[in-house]
Structure formats: C-alpha cells, structure tokens
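Notes for the one structure printed next.
The values are calculated or read from the model by the stated rules, or taken from the named source; none is laboratory data. As the structure is a prediction and not an experimental result, all values here were calculated from the model. Calculation scope for accessible area: heavy atoms of the full protein, side chains included, ligands and nucleic acids excluded. Shrake-Rupley method; radii C 1.70, N 1.55, O 1.52, S 1.80 Å.
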Amino acid sequence: MYRQRHSPTHTYKQRLTLTAAVLLIPLAAACGSEKADGEQPGSGAVSAEQPVTGVRWNVDSVTVDGATHRAPAGAHVEIRDGKAAGSYGCNNFTAKAAVEGDSIRFSDARSTRMACADQPMDFERTLAGTLAEGALSTEVDGTTLTLATADGDQVLLTRK
C-alpha cells in the first residue's frame, strides 16, 4: 500500500493556508457591495445597520399614555444571546429576548424585590409593564434606541 508522507512543516503550511482561506473568503464576499440610501453601486458609501444586541443601553425615559417618566440613574438593559438583563433603577431583572428584524419581544421576566427608598417604584412598574407589552418595534438612530409598543408607548434608551 502506497502512503504519501508529509513533513510536519508541510502539514502545518496546509492547515495555515486552509485556515486563511476559510477566514478571508467571507470577508471578501462582504466587501464592496454595500450602498447607502440613494447612493450608486461602487460609490464607496457604506450603510451599516446599528446593532440592538450586545450593547448596554441606559434607559432615559418611558412615555406611557402621553406622560413621560424620567428614568433613575442606573436603569439599563443589555440584550445578548436571546436573553436580556439589566436594572429597572433599583431592582435587577432578567428575561428572554427574541429579536426578529426591527422588533423585540421580552418574556419570562424575573426581578429582584428590593424596595429602594431613593428610587421611585412607580417608574419600575411602568418600565417593566412597557417592556412586557408584547412585540416592541425598535429604531436605532446613532446612539439612541427607541422601543415602541403598538399603542405608541415608548422607552427611550442611549448607548453607554
């Protein structure tokens, strides 16, 4: 039986070449085809969609029934790997988070039950209720994320 022998250096070079090819092919495919709204192909302009996941978003305010409620310091949310975690301002929470296109749905929320004297508990209930409203539309504009319910209530967040 005939066996071809390879030196350890030859095998290493093959693996290195294969690894480089696997890493570079997707990068080459992704380059050069993006265009901003109204731009012509090949103009060099790139349009990148802003991520909702993997970012710590600070809660600025919640608007419900036309009334805006300012968030206490420390209120935030981060969505990663199908889960959300954060703080309503005093109490921490976790939830499942399903992101589909430009909407997100939080479910199975759990939170701590501390009563913080210097934090308005009404805000926490308002934020928790708004996040649990069902599918929320998402709109990212620079460093701002707006989550909106079907009824028009909104949570305004900024990227840290």
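Express in whole angstrom the spacing between the alpha-carbon centres of the range 57-90 and the range 105-160.
Between the Cα centres of the range 57-90 and the range 105-160 lies a distance of 4 Å.
Scan around Asp60 for amide H atoms under 5 Å from its own, H built in the peptide plane at 1.01 Å from N, and keep only partners 5 or more places away or cross-chain.
When sequence neighbours closer than 5 places are left aside, the close amide H contacts are Leu156, Leu157, Thr158.
Top to bottom by accessible area (1.4 Å), largest first, where do Arg125, Arg105, Arg159, Arg113 land?
Ranking Arg125, Arg105, Arg159, Arg113 by accessible area, largest first, yields Arg113, Arg125, Arg105, Arg159.
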